[in-house]
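Enquirer: Mind looking over this structure? Questions follow.
The values are calculated or read from the model by the stated rules, or taken from the named source; none is laboratory data. Quantities reported herein were computed from a predicted structural model and do not represent experimental measurements. Counting neighbours? That spans all protein chains shown, and the Cβs are built from the backbone with ideal geometry, glycine included.
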């Protein structure tokens, strides 16, 4: 990045950080996450060497917040599908957690296609975003979403009542 672009980026940061932070905080209701979102937006701009307008900045913050909320919803759906904490189980049922976990792993290994299993593992075990998963596997974000839907539907069906 040229010195002029660096100065423009710095000015952009100083001029718009507070407004971007307030938007992120209003959406996420979390101080640290809001700061992270704004930092991530500026980091991506820096990497792309892009000097955008205010509308682009605000859209970028809004979209990043939406992605965070979507990831939290996915994680919550997975937690409902599989209790991952023994605290949720009664004293007589701790063995069921291991049994349920093993059934899930078996289902992922045996009942899902290789591609769907890879998507499920990257998104849920590795915590990767749909975009990062798509790049890792060389598929579209839409394909990642379809594999998640297909995989979770299969898991729910196979694990119902276990």
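Enquirer: Consider residue 31 carefully, then state whether it is within 22 Å of residue 132 (Cβ to Cβ), modelled with pLDDT of 90 or more and exposed (fewer than 14 other Cβ atoms within 10 Å of the Cβ).
Expert: On the way: within 22 Å of residue 132 (Cβ to Cβ): no; modelled with pLDDT of 90 or more: yes; exposed (fewer than 14 other Cβ atoms within 10 Å of the Cβ): yes.
Here the answer is no, as residue 31 does not meet what is asked.
Enquirer: Look through 73, 48, 35, 62 and report the one residue that is without any contact (Cβ under 8 Å) to a residue 40 or more places away in the chain and within 30 Å of residue 155 (Cβ to Cβ).
Expert: On inspection, the qualifying residue turns out to be 73.
Enquirer: Separate question: With the condition kept exactly as written, say whether any residue in the stretch 89-107 is outside any helix (DSSP H, G or I) and modelled with pLDDT of 85 or more. Give the steps one after another, and end with the answer.
Expert: The first filter runs over the stretch 89-107 and keeps only residues outside any helix (DSSP H, G or I), leaving 89-93.
Narrowing further to those that are modelled with pLDDT of 85 or more: none.
Within the stretch 89-107 (the criterion being outside any helix (DSSP H, G or I) and modelled with pLDDT of 85 or more), the answer is no, since none of the residues qualifies.
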